[in-house]
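> Before we start, here is the structure in question, set down as C-alpha cells.
The values are calculated or read from the model by the stated rules, or taken from the named source; none is laboratory data. Predicted, not measured: the structure shown is a model, and the values here were computed from it. Heads up, the Cβs are rebuilt from the backbone with ideal geometry, glycines too, and the neighbour counts pull from every protein chain shown.
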Amino acid sequence: MNTPRVLIIGAGFGGLYAAREFRDTLTSVTVIDRSNHHTFQPLLYQVATATLAPSDIAAPIRWLLRKQRNTEVLMASVERVDPERRVAVLDDGTELPYDYLILAAGARHSYFGHPEWEAVAPGLKSIDDALEIRRRFLTAFEEAERATNEADRTANLTFVIIGGGPTGVELAGMLPTIARHTLRGDFRRIDTATARIILLEGGPRLLPTFPEDLAEHAERDLRELGVEVRTKTLVTSVEPDAVCIGDERIVARTVLWAAGNAASPLGRLLGPKVPVDRGGRVLVNADLSVPDHPEIFVVGDLAVMTTNGKSVPGVAQGAIQSGRAAARNVLRTIRGEGRPDFRYRNKGDMATIGRYKAIGDFGHGVHVAGYPAWWFWLFLHILYLAGFRNRLSVLVEWGYAFFTYGLGARLITRQQR
C-alpha cells in the first residue's frame, strides 16, 4: 500500500497546525510556503511600530516541524492547482502530486478596486509589510525634523489610518504613545507630541465584529490617547501626500491601510466549478472539503466557514481550529472513517488599544475592558507565540518598553519599494 501524500499550501496558522496533526502518522507530508518562516500575525503591528523585532514574532517553518520525520518543507510559490490531475504547479513549472490537499494560503489586503492605492497606503499582513510601515513611520519624524516650513512639518507629522477593525485600532493606539513618550526629546526642531493621528472608518462604528459596548469603550480609549476617530467616513482617493474624503483633503505623508482583505487567488484557480464568494473565498462543505473534490480542503481566511449558521471570523483561532479539523478529516478518510462537520469554538476576541487599555469578548455576555483585559491579552499572546525563545524575547522587550517607553527595534533599515 502506498503512503498517502498530503500537500499543505501555506504555513500560517491554518497550515502549520494542520501539519502538526500528521506527526507520527503513516503519511508523507509536504508543506509549501513563499516564506521560510511562520509569522505570529496578531503581533505584526508591534513590529510595524518598532516595539518588537521581526525575529520576535517569527520562527523558521523547518524548525517548527523539525521533529516530524514524515514532513518536508519547500519554500516556493504555487501558481495553480489542477484538481483533476491532483497536482500543484509551482512557479518554476515543477508539479507536485498529492492524494490530499489542504489549502491554507490566507489573504492579502483589499483596496476595493483601487490597487494603485497600495503603493501609497501599505497594509499589514507580513513581516515585509510591517518593516515598510515601520520605515515610513520613523522616516516621517526624520523628514519633519528637516522640514524648512510649517506646512511640510505638519504633513510629515500627520498619520492617517484607514480602517477601524482590530488592526487599525491597534495601530492607532500605539502611535500616540510612541510620539508623545518614546520619541519626545530625541529631536531638536520638532515636538513629536504634536503628531496628529487620524483613524478613518467607513462604517457606523469601530470594531464591527465586537459587541457595541466594547467598541464604544475602545473608541473612548483612542480619543483619550488623542486619536481623531471618524466613523461613517468613506475614502474616495489616496494620493502620495493626502487622503481625500469627498471634497475634503487631509494632507498627510504617511497613510496606512487596514480596511479590507482579499483571499489568495488560489481559491479561484481551483477551477470554474469550485464556488467562491465576491472576495475570492471558497465556499466549503461542512467538513471543510471542496464541493465535488473530497480530497481538497480549504481552511482559514481562504474559506467561507459556518458553525450553527454563523460565519466563522477570520481570526487566528478560526485558522488554527479549521487547520486541525481538516487534517483530522484527512486521517479519518485514510482510516476509512466518517468525517464530522467542522465546529468552531469561539474562545474569545480581544484587541489592545494601548497601555492598560484593551477589550475582550469571551461570549455569553462576558465582556472585559481596561486593566484585566490588557493583562489577559499579554498572557494570551505570550502563550501562543511559537517557541520558547520568542516568548522570552518578547517578555524582555515588553518589559523594557513598559518601564522606559523605549523601543528596541527603532531602526530604519529598508529602502522604499
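> Of everything in region 261-302, what is touching a residue at least 60 places away in the same chain (Cβ under 8 Å), under 25 Å from Gly336 (Cα atoms) and crowded, with 24+ Cβ neighbours inside 10 Å? Give them in sequence order.
Once the filter is applied, which keeps residues that are touching a residue at least 60 places away in the same chain (Cβ under 8 Å), under 25 Å from Gly336 (Cα atoms) and crowded, with 24+ Cβ neighbours inside 10 Å, region 261-302 yields Val290, Ile296, Phe297, Val298, Val299.
> Scan region 4-16 residue by residue and report those that are closer than 27 Å to His381 by Cβ and surrounded by 24 or more Cβ atoms within 10 Å (Cβ to Cβ).
Listed by number, the residues that qualify are Ile8, Ile9, Gly10, Ala11, Gly12, Phe13, Gly14, Gly15.
> Mind counting the residues in region 196-218 that are under 21 Å from the mean Cα position of the chain (by Cα) and acidic (Asp, Glu)?
Of the residues in region 196-218, 1 are under 21 Å from the mean Cα position of the chain (by Cα) and acidic (Asp, Glu).
> Considering only region 169-181, I want to know if a residue exists there that is farther than 20 Å from Leu411 by Cα and in contact with a Lys or Arg (Cβ under 7 Å, 6 or more places away or on another chain).
Yes, region 169-181 has at least one match.
> Right, here's the next one. Which members of region 339-358 meet the condition of being free of Cβ contacts under 8 Å to residues at least 40 places away in the same chain, touching a Gly at 6+ places or on another chain (Cβ under 9 Å) and among the charged types (D, E, K, R)?
Pass one, region 339-358, residues free of Cβ contacts under 8 Å to residues at least 40 places away in the same chain: 343-348, 350, 356, 358.
Pick out the ones that are also touching a Gly at 6+ places or on another chain (Cβ under 9 Å) and you get 344, 346-348, 350, 356, 358.
Scanning region 339-358 gives a single hit, Lys347.
> Next up: Among the residues of region 317-330, is any part of a helix (DSSP H, G or I), charged (D, E, K, R) and either surrounded by 14 or more Cβ atoms within 10 Å (Cβ to Cβ) or touching a strand residue (DSSP E or B) at 6+ places or on another chain (Cβ under 7 Å) (or both)?
Within region 317-330, one or more residues are part of a helix (DSSP H, G or I), charged (D, E, K, R) and either surrounded by 14 or more Cβ atoms within 10 Å (Cβ to Cβ) or touching a strand residue (DSSP E or B) at 6+ places or on another chain (Cβ under 7 Å) (or both).
> For region 22-73, which strands (runs of 3 or more DSSP E) that fit wholly inside it have 1 or more residues that are β-branched (Val, Ile, Thr)?
Qualifying strands (runs of 3 or more DSSP E): 28-33, 37-39.
> Output yes when any residue across region 188-206 is over 28 Å from Ala151 (Cβ atoms) and either of a type in the set (Phe, Trp, Tyr) or assigned to a helix (DSSP H, G or I) (or both), and no when none is.
Looking for residues that are over 28 Å from Ala151 (Cβ atoms) and either of a type in the set (Phe, Trp, Tyr) or assigned to a helix (DSSP H, G or I) (or both), one finds none in region 188-206, hence no.
> Tell me which residues, restricted to region 384-414, are in contact with a His (Cβ under 9 Å, 6 or more places away or on another chain), modelled with pLDDT under 80 and of a type outside the set (Ser, Thr, Tyr).
In the first step, residues of region 384-414 are kept if they are in contact with a His (Cβ under 9 Å, 6 or more places away or on another chain); the result is 386, 394, 405.
Among the residues that remain, those that are also modelled with pLDDT under 80 are: 386, 405.
Hit for region 384-414 is Ala386, nothing else.
> How many residues are over 15 Å from Gln321 (Cα atoms), surrounded by fewer than 22 Cβ atoms within 10 Å (Cβ to Cβ) and over 20 Å from the mean Cα position of the chain (by Cα) when one looks only at region 17-38?
Qualifying residue count for the region: 7.
> Restricting region 223-260 to residues that are small (Gly, Ala, Ser) and crowded, with 20+ Cβ neighbours inside 10 Å, which is modelled with the lowest pLDDT?
Checking each candidate, the answer is Ala259.
> Check region 151-161 and report whether any residue there is without any contact (Cβ under 8 Å) to a residue 40 or more places away in the chain, crowded, with 22+ Cβ neighbours inside 10 Å and outside any strand (DSSP E or B).
yes
To keep it simple, each residue is scored yes or no on (1) touching a strand residue (DSSP E or B) at 6+ places or on another chain (Cβ under 8 Å); (2) in contact (Cβ under 8 Å) with a residue 60 or more places away in the chain; (3) closer than 23 Å to Gly314 by Cα; (4) not assigned by TED's automatic domain parsing to the domain that holds Gly300.
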{"site": "Val31", "(1), (2), (3), (4)": "yes, no, yes, no"}
{"site": "Pro42", "(1), (2), (3), (4)": "no, yes, yes, no"}
{"site": "Ile61", "(1), (2), (3), (4)": "yes, no, yes, no"}
{"site": "Asp99", "(1), (2), (3), (4)": "yes, yes, no, no"}
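> Every residue in region 60-75 that is surrounded by 19 or more Cβ atoms within 10 Å (Cβ to Cβ) and either farther than 30 Å from Phe402 by Cα or within 17 Å of the chain's Cα centre (by Cα) (or both), please.
Filtering region 60-75 for residues surrounded by 19 or more Cβ atoms within 10 Å (Cβ to Cβ) gives 61, 64-65, 71, 73.
The answer is Ile61, Leu65, Thr71, Val73.
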